[in-house]
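Notes for the one structure printed next.
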Amino acid sequence: MSKKIDFIHSLIFFNLCIILSAITFIQNQNFLLFCLFLIMSLGISHGSLDNLKGKKLLKIYKIKQIEKFYFSYICLSIFVILLWILLPTFLLVIFLLIASYHFGKEDTVYKSEIIGFKKDMLFLLKGSLVITAPLFFNYNETNEIFLMLNFNLFSEFMVSKEILFLLIFLSFLSGLTLSKFKNIDDSTLSIMDFSSIVLINYFLNPILAFTIYFCFLHSIRHSLTLIFELDKNFSTGFSKFLKKALPLTLITAVLYLVSIYSLNNFFELNNAIYKVIFIGLASLTFPHILLEYLIEKNEE
C-alpha cells in the first residue's frame with residue numbers, strides 16, 4: 001500500500017513541477033517569504049518526530065532520562081551553528097555532502113539489492129542532483145545564495161559546466177542502478193523524480209526550486225513513511241502524525257522567526273532569511289541524520 005502511495009506521490013509531484021514550470025510569471029517573482037513559510041511548516045514537520053525516535057534510541061541504550069536526548073540534540077544543533085560561524089566553508093561543504101547522501105537515501109523508497117559502500121556512493125550521487133541542478137541551470141543566482149552564507153564558490157572551487165553535467169548524468173544513472181532496471185515501477189519513479197528536479201531548477205529560481213523539492217517531495221515522502229510507522233491505516237496514521245508533529249514544528253518555527261528578527265538588526269531581511277533557512281536546516285539536519293544512523297545501526 002505504501003509503495004503505491006509513494007508512486008502516486010511522485011506522479012503528482014511530477015505534474016506539479018510541469019505546471020509550475022509552465023507558469024512563466026513565477027520565474028521573475030520573489031517568493032522568499034513564501035518559501036520560508038513552506039519550510040517552517042511542511043519542511044520542518046518531517047523531522048518533528050525525532051523526539052519519539054530519541055525515546056526509541058534511549059530504550060536501546062537503556063537510558064531512562066529523556067532530558068539527556070533533548071540536551072544532546074540541542075547541543076549538537078548549537079555546535080553546528082557555531083561551527084558555521086567560525087568555519088563556514090568547511091561546514092557548508094560537509095553539509096552539502098551529508099545532505100546529498102540524505103536526500104538520495106531517503107528519497108529512494110524502493111528496495112535495492114546493492115549493499116555496502118557502493119550503495120552509499122549511489123545514494124550520494126543520486127541526492128547530489130539537488131545541489132548540482134541549480135548550479136548547472138542558475139549558476140549566478142545559486143552562487144549569490146552561497147555568498148550570503150559566507151561561501152564564495154568561485155574562489156573556493158572551480159566548478160565547470162562539464163563537471164556539473166557529468167554529476168547530473170551520474171545522478172540519473174545512480175537512481176536507475178538502485179532500481180536495478182528490473183522493476184518498471186521503481187525505474188519510472190526514479191525517472192519521474194529526476195525529471196521533476198531538473199524541470200523546476202531549469203525554469204524556477206534556485207530557492208523556489210529547492211523549497212518545492214524539499215517540502216513537496218522529500219518532506220512529504222519522509223512524512224508518509226512516518227505515518228505508516230504510526231499506523232498501517234493511512235487515515236489513522238495521518239491523524240496521529242499531525243498531533244505528534246505539531247508541537248516541535250511550532251517551536252522550531254518560532255525559533256526561526258526569532259532568529260530572523262535578531263539577524264535583521266545586522267543584515268537586510270532577505271539576507272537574514274537565507275541565513276536562517278540554510279544554517280537552521282543544517283543545525284537540524286546533522287542531529288536528525290545522526291539519530292537515524294544510530295537507530296539503523298542498532299536495529300541491524
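Above 18 angstrom, tally the Cα pairs of the stretch 170-279 and express them as a % of all pairs, no decimals. Of all Cα-Cα pairs in the stretch 170-279, 68 percent lie more than 18 Å apart. Within the listed set K240, K118, K126, the residue fluctuating most in the Gaussian network model of the chain (springs between alpha-carbon atoms under 10 angstrom) is K118.
Cross-link partners of K105 among aspartates and glutamates, defined as those whose alpha carbon lies under 20 angstrom from its own and excluding same-chain residues fewer than eight positions apart: D6, D50, E113, D120, D185, D186, D193, E229, E292, E296, E299, E300. Adding -39500 (n - 2.57) for every DSSP H run of four residues or longer, then dividing by how many residues the chain holds, sets the calculated 222 nm ellipticity at -25500 deg cm²/dmol.
Heavy-atom accessible surface of M148, to the nearest 10 Å², is about 40 Å², with a 1.4 Å probe and all protein chains retained. Under the simplified labelling scheme, the N233-K118 pair shows an inter-label distance of 4.4 nm, with each label point 7 Å from Cα along Cα→Cβ.
When the pairs K56/K118; K55/K240; K53/K118; K4/K118; K3/K111; K3/K118 are compared against a 21 Å limit on Cα-Cα distance, K56/K118; K53/K118; K4/K118; K3/K118 fall above it.
Which entry in (i) 23.7, 67; (ii) 20.2, 58; (iii) 18.9, 56 matches Rg and Dmax of the Cα atoms in Å derived from the coordinates of this structure? Recomputing Rg and Dmax of the Cα atoms in Å here picks out (iii).
Screening the chain for DSSP H helices whose Cα atoms reach 20 Å or more along their own axis and whose mean Kyte hydropathy is at least 1.6 gives 66-86, 161-179. Annotation: peptides 199-209, 131-141, 284-294, ranked by per-residue average of other Cβ atoms within 10 Å with the highest first, follow the order 199-209, 131-141, 284-294.
The values are calculated or read from the model by the stated rules, or taken from the named source; none is laboratory data. A quick note: this is a predicted structure, and the numbers were derived from the prediction, not measured. Positions of Cβ are backbone-derived with ideal geometry, glycine not excepted, and every protein chain shown enters the neighbour counts. To get the accessible areas, we keep the full protein, side chains included, count just its heavy atoms, and leave off ligands, DNA and RNA. Shrake-Rupley method; radii C 1.70, N 1.55, O 1.52, S 1.80 Å.
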